[in-house]
Amino acid sequence: VINNGPIYITARAESNGTAYIGGVFGNLTKSTDVKNLKNTEKGVITVNALPETYYLGGVIGRGDVKATFDNCDNSAALNITATEKTRVAHVRVGGIMGFNDAASTFKNCDNTGDITLNTYSGIASDTGGHSYVHGITSANDGNSNITLTSNSNIGDITSSLTCNKKFFSNIFNL
């Protein structure tokens, strides 16, 4: 499956809201082997608001089930801009997957797209917000094992995000 078209989201930030945004899937809820998913450079994802919690991935926003991701690539830029202050911003962004909630395997997955977060001044600075931004997959459920084999990220990760905790890395937060 290949996405060649841009995704633009402009929404008013609502408290207690959650968004699942991905170049191919927003939320993967069925255990499966996922192969050959691509979000091309034309599949730029632009988000112009933040709900309370959001999961954004170049290919998959959130994976709730055990799966193997093989040869999944993102070359699109992921651009996130908060236009107003939200009550809490729990941000999970990954070049391939925004949040992995089950024991999964990522192999031969590559992110070449840049990830940029430009946020409202002071967002989540006093509300306990946490941000996880990584080249391949972001926050992983602490009870789940993840296997990473032959993955790469060469996309830049930049942020003006202000929050209590930031976890940024090239591949994955351990």
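Peptide packing for 109-117, 38-46, 25-33 was compared via the average number of neighbouring C-beta atoms within 10 Å per residue; ordered from the highest value, the list is 109-117, 38-46, 25-33.
If the chain between Thr81 and Asn36 were fully stretched, how many nm would it gain, using 0.36 nm times the residue separation less the Cα-Cα distance? Don't skip to the answer; put the middle values down first.
Details: separation 45, 0.36 × 45 = 16.20 nm, distance 2.91 nm.
The Thr81-Asn36 span can extend by a further 13.3 nm.
No value in this document is a laboratory result; all are computed from the given coordinates. Given the structure is predicted, the values throughout are model-derived calculations rather than measurements. Using ideal geometry, Cβ is built from the backbone for each residue, glycine included, and neighbour counts are taken over all protein chains shown.
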